[in-house]
Every structure is written in structure tokens, then in C-alpha cells.
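Just below is one structure, and these are the notes that go with it.
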Amino acid sequence: MAGAIASRMSFSSLKRKQPKTFTVRIATMDAEMEFSCEVKWKGKDLFDLVCRTLGLRETWFFGLQYTIKDTVAWLKMDKKVLDHDVPTEEPKTFHFLAKFYPENAEEELVQEITQHLFFLQVKKQILDEKIFCPPEASVLLASYAVQAKYGDYDPNVHKRGFLAQEELLPKRVINLYQMTPEMWEERITAWYAEHRGRARDEAEMEYLKIAQDLEMYGVNYFAIRNKKGTELLLGVDALGLHIYDPDNRLTPKISFPWNEIRNISYSDKEFTIKPLDKKIDVFKFNSSKLRVNKLILQLCIGNHDLFMRRRKADSLEVQQMKAQAREEKARKQMERQCLAREKQMREEAERTRDELERRLMQLKEEATMANEALMRSEETADLLAEKAQITEEEAKLLAQKAAEAEQEMQRIKATAIRTEEEKRLMEQKVLEAEMLALKMAEESERRAKEADQLKQDLQEARESERRAKQKLLEITSKSSYTQSMNSSTTALPTDLPSFNLISESLSFDFKDTDMKRLSMEIEKEKVEYMEKSKHLQEQLNELKTEIEALKLKERETALDILHNENSSRGNSKHNTIKKV
């Protein structure tokens, strides 16, 4: 009895210890994941689990986003997941997105996974036209997106039409010009071919470096009203707070950099910005919802913290990550160089093999032609020999007939003719016989000369046959030598040296002692960057001029017109903010 009670108590205690769970679906820019979470979990527990799963360490840029009544909200780290206003049905869906943007992507984004997630998010915002991008910059960004996806351009693989199914340009840009998809693909491919040698992470970083200079990059817009009731837009980004006209999201009317703001607060729907300079009036505005004010304050606090953090020395964790990133980058660079060298050696070996094979085929053709010439020479020699023999026999036969005619003439002369008529007839016959004998002698002499000529031709034909056989022998010896060379060269690629990289052999000693060398390198990088920027601007201007004639003016949006006006005045994102 006591044993049964104890077993029931242990079973009930085990049953109570099993925590209650709920299912969560996390959507990133390129994947979806599902997790089973405990009811008591806070936002930080779920967020850390997602970051560990992705291998992400630069967590301060990201957050878990969800939607409440058409309003965007972010999961709070110190609040239970189920205490948020999330739908009751499961799985509960959150979007893992970048909440805060860097001022300089190249300097701040260390991990490759961080760069990749930012690249995917910014690319989608540009294609969805949440970030305005001029046409010429859209083509350049599309070329880097193609490089990141397809690698180096190969005309044998990337043939005409390979981008037909890709979404690379905003629909606004496509509709603005009288250009076919093939014409757009041609211009994208022309720049894509120039990016040869860039790895995926390098192409994605180049994409972000161009995108971060766009006016709407990293800005969160909110509809507000000032004290007079005028409708305005509040923009929150990594640099500060900006006030815009509702019809112009590119150029702010007023800007408050983070280092010039003393305090930000809200009461109910009224928001207050107190500048550091007490001579400047306090700026107050109202938003439509209290929930929006909370979101604005969250973004202000997070962006301000990152703004101040960038202006301090890196933490130990960031220093470690940057050191690891440098080592990883150096290792990948060495791997790429080794692969490039091996590829070059293989290509050279293949070219040598192809050249030897071509030479061998040429020698075989020459040998075949020489053999045919030899056979023709032999046939000609046989015909000449046969003809010479026939001519010689004819000459002997003519000589025999001439001798017989001479004998007949002598016999006729010896015969006595008594009558004058017989004598005349005899003389006539003798004369005819003499003429016949003379003709036979001439014919015999001609036949003898012809026989001598044929003997000479036969001798020359045999000499030609001898030379042809000698040439055939030389070609045969060359062919056998070439085949031996070809077999040894064809085996070359298999005997190429293998390049094994041992991570333990890579060591990097990062010291801060040689400041002069470091400053010289930085100055050199600045000069190279300026040259690249100048070249890039020239390319953009060239493309803009090229497609300007195909533009449909009536399809220009308000942002297109504003961007063109800013460009004509020489205004950019950064100098506009400085002026304001």
C-alpha cells in the first residue's frame, strides 16, 4: 500500500516537472525554422536560440519582428514571449530581421553571415521600392547580385537569356524606359563580367557599400503632426532623427544628429526632442498611436547606443571577431590563389596537349599525302617503263624492216632488165625503194630517240620515288617522337602538385608597433578607394547618358524627379544632412 502511494506520488511529480511548450516559426530572409519554446521563456531566450542556430554573434543589429493590427512591433528581450500581443494560434510567427543599420557596412559588419543577411534584406527593400534607387545604380547593384549568386562570368555557361527568370531591377526602373528584358540583361552582364575574381562575400559587401549611400537606406519612416497640425514624416536611422515632407522622403527639412540630442521622451501620443544646445527650441510632435511612440523610442534608444558605441574602442568580443575574420579572409585568399594557380597550370597543360594533338594530326595528314604521292610516282614509273619497252620493240621491228628493204633493193639492182621500159620501171622501183628505206631509217632513228627519252623519264621517276620514300621515312620518325611527347604531356595534369592548406600552419601576429607602416597602408587604401569611386561614378554617368534617350518622361515618379534635382545640384545623402 505504501509502495503504491509512493509510486503514484513520483509519477505525479514527474508529470508536473514537464514544462509547457508552444511552437514558434522563425522566418529569415532565405529560410524558415521552427522551435519548441517553454511558456516561461522571455524574448531574449528565443532570440539567443535563433542566433546560436544561425551561428550569428553580431546580435546587436537584429531583432524578432511581428505585426499587430497592421503595425510593426519588435519582440522585447526582457518580456515573456507570450506576454506580447502575438496571435494565439500556433505556430507563432516572427521575422528575424535587421533592426538597426550600420553607418559603414565594411567597417562594422564582421561576420560573413551578418553581411549575407543584410545583403538579402537591403536587396529586397530596393526591389520592393522601400529604398529609392536611381536606374544606373540599380543596374550596378544587379550586376553585384548576379556575381554573388553565379560566381565569375563564363560566356560558355552564362549564355543569352540566363537572367530571364531573375528579379534584379525595381519595376519602377523597368517601366521608366523603353527597353526590352534582353537590353537590360546585356547592360547588367557587361558590368557583371568586370567583377571577375570576387567571391560571394566580396560581391555582397560591394553591394552594401553602394546601397548605404542611398538616401532612404536604413531609415524608418513614421507619420507625425507638429504643433500646428501639419503632416510630416519622422525618419529614424543610424545618424539621427530627420523631419521630412510627406512628398519628399529623400531630403530632410530638419535633422537632429544623435550627438546633438540631449533627451527624447514621450507622453501619451506627444513626442519631445530636446537638443543639446539650449538655444534651439524643443521640437514636439504627435503620432497617431501610442504603440508607434513606443516603437519610435525603441529605435531611438538602439540607434543612439550604437552611435555612441561606434565612437568608442571596440570591445574584446568585437576585437576577437575582427581578428578571426581577418584570419579567415587571409586563409580564403590563400585558397583562392592556390586554386587559381592550379587552374592556370591545368589550362596550360591542356593547351599544350591540344597543340601537340593538332601537330600530330598535321603530321599524319602530311604522311598520308606523301604516301599518296609515292604511290602515284610508282604508278607513273611503271607506265613509263612499259611505254619505253614497247617503243624499243617498235624500233627493233622498224630496223628489221629497213634491213629487209635494203636487201630487196640490192636484189632488184642485181636483176638485169633487158628492155628500156623494164629498166625505167626498175629505176622507178629502185627510187621508191630508196625513198622507203630513207623513211624507214628516219622513223627508226626517231623511235630510238623516243626510247632514250623514255629511259631518261623512267630514271627521273625512280629518283622521285626514292625521294618520296625518304620523306615518308622522316615523317614517320617525327610522328613517333610526337606521340611519345604527347603521352608524357597528357599525363601532366594528373601529376600536378596538390596544395593542402593546414590551418595550424597559418599564424598571424597582429601588433600595433609599426604605426608608420599601418598609416601608409591606410593612405594607400584611401587613394585606391578614391580612384575606384571616381571610376565607378564615371561608369554610372556613362550608363545614365546611354539610357537617357530611352526614358519615358511621363512615367517618372515624384522621387525620380526629386533625385534628379538633387543630382543636378550636386547634393548627396551625407552633404545634405550636413547642410541641414
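The values are calculated or read from the model by the stated rules, or taken from the named source; none is laboratory data. Everything quoted here is computed from the prediction, not taken from an experiment. Heads up, the Cβs are rebuilt from the backbone with ideal geometry, glycines too, and the neighbour counts pull from every protein chain shown. The area values use the complete protein model at the heavy-atom level, side chains included, leaving out ligands, DNA and RNA. Shrake-Rupley method; radii C 1.70, N 1.55, O 1.52, S 1.80 Å.
Of all residues in region 211-228, one or more are of a type outside the set (Lys, Arg) and open to solvent by 60 Å² or more (accessible area, probe 1.4 Å).
Scanning region 94-110 for residues that are of a type in the set (Phe, Trp, Tyr) and either more than 18 Å from Phe35 (Cβ to Cβ) or over 39 Å from the mean Cα position of the chain (by Cα) (or both) returns Phe100, Tyr101.
Taking the numbered list (1) buried (at least 19 other Cβ atoms within 10 Å of the Cβ); (2) closer than 17 Å to Val292 by Cβ in turn, Leu232 passes all entries but (1).
Among the criteria (1) touching a Lys or Arg at 6+ places or on another chain (Cβ under 6 Å); (2) closer than 23 Å to Thr21 by Cα, the one His95 does not fulfil is (1). Have a look at Ile280, Ile296, Ile264 and point out the one that is aliphatic (A, V, I, L, M), more than 27 Å from His84 (Cβ to Cβ) and modelled with pLDDT of 80 or more. The unique qualifying residue is Ile280.
Does Arg411 qualify as being open to solvent by 100 Å² or more (accessible area, probe 1.4 Å) and farther than 30 Å from Glu474 by Cβ?
Yes; evaluated as a whole, the condition is true for this residue.
In this entry, Ala164 passes the filter for residues that are out of contact with any Phe, Trp or Tyr (no Cβ under 7 Å at 6 or more places or on another chain), farther than 20 Å from Glu542 by Cβ and among the small types (Gly, Ala, Ser). Residues in region 26-55 that are assigned to a helix (DSSP H, G or I) and closer than 16 Å to Leu97 by Cβ: Gly43, Leu46, Phe47, Val50, Cys51, Thr53, Leu54. Which ones in region 74-85 are open to solvent by less than 60 Å² (accessible area, probe 1.4 Å) and at pLDDT 90 or above? Selection gives Trp74, Leu75.
Counting residues in region 430-451 that are more than 30 Å from Thr391 (Cβ to Cβ), modelled with pLDDT of 75 or more and either in contact with a strand residue (DSSP E or B) (Cβ under 6 Å, 6 or more places away or on another chain) or open to solvent by 90 Å² or more (accessible area, probe 1.4 Å) (or both) gives one or more.
Scanning region 136-179 for residues that are loosely packed, with under 14 Cβ neighbours inside 10 Å, in contact with a helix residue (DSSP H, G or I) (Cβ under 9 Å, 6 or more places away or on another chain) and on the phi < 0 side of the Ramachandran plot yields Lys149, Pro155, Val157, Arg160, Phe162, Ala164, Glu167, Lys171, Asn175. Across region 86-93, not a single residue is classified as surrounded by fewer than 19 Cβ atoms within 10 Å (Cβ to Cβ), under 35 Å from the mean Cα position of the chain (by Cα) and acidic (Asp, Glu).
Looking only at residues in region 416-465 that are touching a helix residue (DSSP H, G or I) at 6+ places or on another chain (Cβ under 8 Å) and among the basic types (Lys, Arg), which one is nearest to Glu379 (Cα to Cα)? Only one residue fits best here, namely Arg462. When you scan region 56-66, do you find a residue that is in a loop (DSSP other than H, G, I, E, B) and surrounded by fewer than 16 Cβ atoms within 10 Å (Cβ to Cβ), even just one? Checking region 56-66: not a single residue is in a loop (DSSP other than H, G, I, E, B) and surrounded by fewer than 16 Cβ atoms within 10 Å (Cβ to Cβ).
In region 254-274, the residues that are outside any strand (DSSP E or B) reach residues that are at pLDDT below 85 and of a type in the set (D, E, K, R) with C-beta atoms within less than 9 angstrom, at least six apart or across chains, in these pairs: Glu260/Asp277; Lys269/Lys289. The residues of region 338-372 that are closer than 15 Å to Gly197 by Cα and open to solvent by 90 Å² or more (accessible area, probe 1.4 Å), listed by number, are Leu339, Arg341, Lys343, Gln344.
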